[in-house]
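A.B. asks: Before I ask anything, here is the structure I am working with.
Rule-based calculations on the coordinates, nothing more; no lab input. These numbers were taken from a predicted model, which means no experiment stands behind them. Positions of Cβ are generated from backbone atoms using ideal geometry, with glycine treated the same way; all protein chains shown enter the neighbour counts.
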Amino acid sequence: MPSVELKTNVRVADPKAFSLEFSKFAAETLGKPESYISVHYNYSELLTFNGSFDPAVIVSVISLDNINPKANEEYSRKFFAFFKEKLGVPDDRGYM
């Protein structure tokens, strides 16, 4: 059962709607049924990255059977594209 935790200093207007959209995205990206997915959107204005409070994300993904170096590159690319589109976070403002 995949679990995805997003820590960010970007506040979304509707956290519930964003979390549902993020859940669907995570399921599609990880290739798992959404019924198996757990996501947590964790906002904190105090999150810093590279010495600033500019928009940033820290993401943790736990998933059995499909985490490996090659897959991780693809997941990272897709997740950061999602964060750029939905949160306005540049590719170089976070870790996964």
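A.B. asks: Could you work out the relative contact order of the stretch 31-96, using alpha carbon pairs under 8 angstrom and six or more residues apart, expressed as a whole percent?
C.D. replies: Here the relative contact order equals 38 percent.
A.B. asks: Only Cα pairs within less than 10 Å get springs; with that Gaussian network setup on the chain, which residue of ALA56, ALA17, ALA81 has the largest fluctuation?
C.D. replies: Comparing ALA56, ALA17, ALA81 in a Gaussian network model of the chain, the most mobile one is ALA17.
A.B. asks: Which residues' amide hydrogens lie under 5 Å from the amide hydrogen of VAL89, considering only partners 5 or more residues apart or on another chain, with H built in the peptide plane?
C.D. replies: Long-range HN contacts for VAL89: LYS84.
A.B. asks: Among VAL39, VAL57, VAL12, which one shows the biggest mean-square fluctuation in a GNM of the chain, springs joining Cα atoms closer than 10 Å?
C.D. replies: The residue with the greatest mean-square fluctuation here is VAL12.
A.B. asks: Take the alpha carbon atoms of the stretch 80-96, find their center, do the same for the stretch 1-25, and report the distance between the two centers in whole angstrom.
C.D. replies: A separation of 13 Å, based on Cα centres.
A.B. asks: Using θ = phi - 60° and the Karplus form 6.51 cos²θ - 1.76 cosθ + 1.60, what ³J(HN,Hα) does each residue of the stretch 81-96 get, whole Hz, x for Gly and Pro?
C.D. replies: Per residue, the Karplus-derived 3J(HN,Hα) values read 5, 4, 5, 5, 5, 8, 10, x, 8, x, 4, 9, 10, x, 10, 10 Hz.
A.B. asks: Please list the equivalent ellipsoid semi-axes of the chain, computed as the square roots of five times the alpha-carbon gyration tensor eigenvalues, in descending order and whole angstrom.
C.D. replies: Numbers: eigenvalues 92, 49, 23 Å².
Calculated on Cα positions only, the semi-axes equal 21, 16, 11 Å.
A.B. asks: Please report the antiparallel percentage of the DSSP beta bridges confined to the chain, to the nearest 5.
C.D. replies: Taking every DSSP beta bridge within the chain, about 45 percent pair in antiparallel fashion.
A.B. asks: Among the GluC sites (Glu not before Pro) within the chain, which fall in a DSSP loop and have no more than 15 other Cβ atoms within 10 Å of their own Cβ?
C.D. replies: GLU45
A.B. asks: Right, here's the next one. What number, rounded to the nearest 500 deg cm²/dmol, is the helix-based mean residue ellipticity at 222 nm of the chain, given -39500 (n - 2.57) per DSSP H run of at least four residues and division by all its residues? All intermediate terms of the calculation are to be shown ahead of the outcome.
C.D. replies: Working: 2 runs with 35 residues, N = 96.
Helices in the chain give a 222 nm mean residue ellipticity of -12500 deg cm²/dmol.
A.B. asks: Kindly express, to the nearest 10 degrees and within the range 0 to 90, the angle between helix 15-30's C-alpha long axis and the longest C-alpha principal axis of the chain.
C.D. replies: So the helix axis and the longest Cα principal axis differ by about 40 degrees.
A.B. asks: Any idea what the dipole of the chain comes to, in debye rounded to 20, about its Cα centre with Lys/Arg Cβ at +1 and Asp/Glu Cβ at -1?
C.D. replies: 60 debye
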